[in-house]
Amino acid sequence: MPRFFWAAVFSCLLATEVWAPKAARLGCHLHSFNVTIRSDRQGACRATRAVQACVGYCESSAFPSKYSVLLASSFKHNITSVSQCCTISQMQTVKLRLRCSLGLQKTVDIFTAKTCQCDVCRLSRY
Ligand SMILES: *[C@@H]1O[C@H](CO)[C@@H](O)[C@H](O)[C@H]1NC(C)=O
Ligand SMILES: *[C@@H]1O[C@H](CO)[C@@H](O)[C@H](O)[C@H]1NC(C)=O
């Protein structure tokens, strides 16, 4: 809620044309980047392709803990935080054609983000 509040305030203060490019960067959005895939350590087969990631900002907040929480934790758990992370909600596989030495070719499947959303933070997905 605070972020939307400030976005609304600034939208009123600044000309829409000036603010529009920055407003587009708020939130969690698809972001293209190039990956280079090598088939093995020698890199006999390789290719570069643009794929999508999810990059941006999601809301987080911290509230003074409820009194019941303070009591239950002997006044140690004094802050209650809520946070979300920009993450991939849907992925898709795309075929990448690798070019090898001797004019050979090889196709591999790689992942790319399809949609993004603010969701539970996961430190890793391995
Ligand atoms: C990916 O590589 C292409 C070709 O080199 C380049 O034109 C493009 O700007 C690159 N895209 C990104 C997101 O870095
Ligand atoms: C919250 O509690 C911890 C542990 O009791 C304490 O060290 C810290 O100073 C407290 N935080 C605030 C903002 O008072």
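Every read-out reported here was derived from the displayed coordinates using simple, explicitly stated rules and does not represent laboratory data. Treat the numbers as computed from the prediction; the structure is a model and nothing was measured. All Cβ positions, glycine included, derive from the backbone under ideal geometry; neighbour counts span all protein chains shown.
Key figures
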read-out: Simple Cβ-charge dipole of the range 20-120, Lys/Arg +1 and Asp/Glu -1, about Cα centre, in debye nearest 20; value: 460 debye
read-out: Spatially near lysine pairs across the range 20-120, Cα under 26 Å, sequence gap of 8 or more or different chains; value: 5
read-out: Compactness relative to 2.2 N^0.38 Å, alpha carbon Rg of the range 43-91; value: 2.16
read-out: Separation in nanometres of the label points that stand 7 Å from Cα toward Cβ, at S74 and C121; value: 2.7 nm
read-out: Distant alpha-carbon pairs in the range 65-126 (separation over 14 angstrom), percent; value: 73 percent
read-out: Cα-centred dipole magnitude for the range 82-125, charges only on beta-carbon of K, R (+1) and D, E (-1), debye, nearest 20; value: 240 debye
read-out: Isotropic mean projected area of the C-alpha convex hull, the range 20-120 (nm²); value: 10.8 nm²
read-out: Packing rank of 81-88, 52-59, 32-39, where each peptide gets the mean count of other beta carbons within 10 Å, highest leading; value: 52-59, 81-88, 32-39
